[in-house]
Structures are given as C-alpha cells and as structure tokens.
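The values are calculated or read from the model by the stated rules, or taken from the named source; none is laboratory data. Nothing here was measured: the structure is a model prediction, and the numbers come from that model. Backbone-built Cβ (ideal geometry, glycine too); neighbour counts: all protein chains shown. The area values use the complete protein model at the heavy-atom level, side chains included, leaving out ligands, DNA and RNA. Shrake-Rupley method; radii C 1.70, N 1.55, O 1.52, S 1.80 Å.
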Amino acid sequence: MYRNHQYDMDCTTWSPAGRILQIEYAMEAVKQGTPVLAIRSGTHVVIASFKRAQSELATHQQKIFKIDDHMAIGISGLTADARVLADYMRNECLNHRYVYDAPMHIGRLVAQVADKSQQKTQNASKRPYGVGLLVAGCDEKGPHVFETCPSGNCFEYYAMAIGGRSTSARTYLEKHFAEFEAASPDALIKHALEAMNKTTASDQSLTPKNTAVAIISTAEQYKELSEEALQAVIDTLEKKEDEPAEDEPAAAAAGAAPMDTSG
C-alpha cells in the first residue's frame, strides 16, 4: 500500500491517490463476508443467506435479522457491527409505531442508517461499520430491496446480492430479472436459492443447516422458512457442474470466516 501505512490510521486522512483507506478496508470486509441476496416481485420480497459455522463444533451463525413485522435485513461482514445497526433499526421502528401507530417507511429508515454509517467516516476517533446490509420489506408502496454500504451510500434494487462469491449470484439474477415481477412466492424462493447455489464452491452444496430464507409480502408478515420447506426447494435445484476455476475465490472466502463470525 504505502510506506508505514501512514494513510490508514484513521478515516479522515486522504492518501495521495485521493482515497480514504479505512473506508476501503470496511468495504473489503463486506466483499469477504458470507453471501446474502434479496429479490422482489410485485407483491413479495424474499431474502436468502448462506450461514457459516466457525468450526465443526459451532452452530451456523444467523445472517438474517427480523427488524419489524414488515422488514428484515441480511448482513455480510462483521456480525458485531450488524447487531448494533439491527438494534438501532428496531428501536426506530418501535418509536415510529408508538408515535404514528403505523409501520415505518423502509426507504426512510434506510436513509437514516446510511446517515449513521456516513457519520462514522468523518470522525477520527471512530471507524466505519464493517458490514453491508440488504434491507428487504413491504410498506404501503409495495415491496422494496435496499443496500447500504459502510461508506454511507444506499441504493434500491429489484434484486441484489452482496458478500463473497456474490458475482455469480448477480449474474443469475440479471439473467432471470424479467421473470421476477410476476413470479409467485414459490417461484421467487426457488430463484433465490438457485442464485444462492451459484455462490457455493463446486464441492459444497446448500442444506437446510447452512441456508436461511425469509419472505415478506404486502398481505403477510415476516416468515422464515422451516428446514422441511427449505429441503423441499433445495431438492429441486439445478445440479452444479464442476467449477475448478473458482476454487481460489472459494479459498479466499473461507479464509474470511473468522472475521465474518466475530462478535
């Protein structure tokens, strides 16, 4: 990088190349995290994640958090930072429901989270959040999928995947994008798991233990699929071919597991 790393000691120092290195490090933590994706149709939104276990003796760590009856987040990066943001979002939803007797608008809450993330990038005594969020939910305007970044950026998507090896999932989502708007809930879940299946190594497969899927609709509240329902969909997935070229990225993603499961 640069001699003695003199430009990455805090997040208010610019490098000679015009970069803020600590923010880039936080963005890299998201890229090396576990993959998570979200898809929306005209009436439903589905969020899916891959769960890693720190060791064979550990349970798989949850990567999808319920925020409110109409909203959930999927996280990639530092789980400890994600819990802080999840608590903040839950409190905001509770306060909004107490004051206005109505669920909070998803776009408004995402903007607040983005502002909170950006504030961490302009204070030398703070550091950026090392986590990226996919916020999925339904409000009076219909289903929504948002992404937030450690830099403070936020974007809305029809479908999105973040985390390690998520490029393959995004390629699948772009290829089948036209089918999402009119898709049924079952079809949307199958698309989500097909895309998630693309993020795994050739010698790895999805199981109900290492996969989580949640669905929210304009008429029904947040619901996470049971292991039996997941297994039924996983059994119908397309069989993967050998992908020797992707073995190296798989190793890199596996090396990031301790960071991803910290806290």
Taking into account only those residues within the stretch 14-43 that are in contact (Cβ under 8 Å) with a residue 60 or more places away in the chain and over 28 Å from residue 72 (Cβ atoms), which is surrounded by the fewest Cβ atoms within 10 Å (Cβ to Cβ)? 20
Quick check on this structure: which one of 128, 143 is open to solvent by less than 40 Å² (accessible area, probe 1.4 Å) and assigned to a strand (DSSP E or B)? 143
Residue that is nearest to residue 135 (Cα to Cα) [pool: residues in the stretch 44-102 that are aliphatic (A, V, I, L, M), open to solvent by 40 Å² or more (accessible area, probe 1.4 Å) and part of a helix (DSSP H, G or I)]: 84
With (1) open to solvent by 60 Å² or more (accessible area, probe 1.4 Å); (2) out of contact with any Ser or Thr (no Cβ under 8 Å at 6 or more places or on another chain); (3) without any contact (Cβ under 8 Å) to a residue 60 or more places away in the chain as the list, and residue 176 as the residue in question, which single condition is left unmet? (1)
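Rundown of residues vs (1) assigned to a loop (DSSP other than H, G, I, E, B); (2) of a type outside the set (A, V, I, L, M, F, W, C); (3) at pLDDT below 95, yes/no style:
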| site | (1), (2), (3) |
| --- | --- |
| 161 | no, no, no |
| 171 | no, yes, no |
| 178 | no, no, yes |
| 182 | yes, no, yes |
| 188 | no, no, no |
| 191 | no, yes, no |
| 200 | yes, yes, yes |
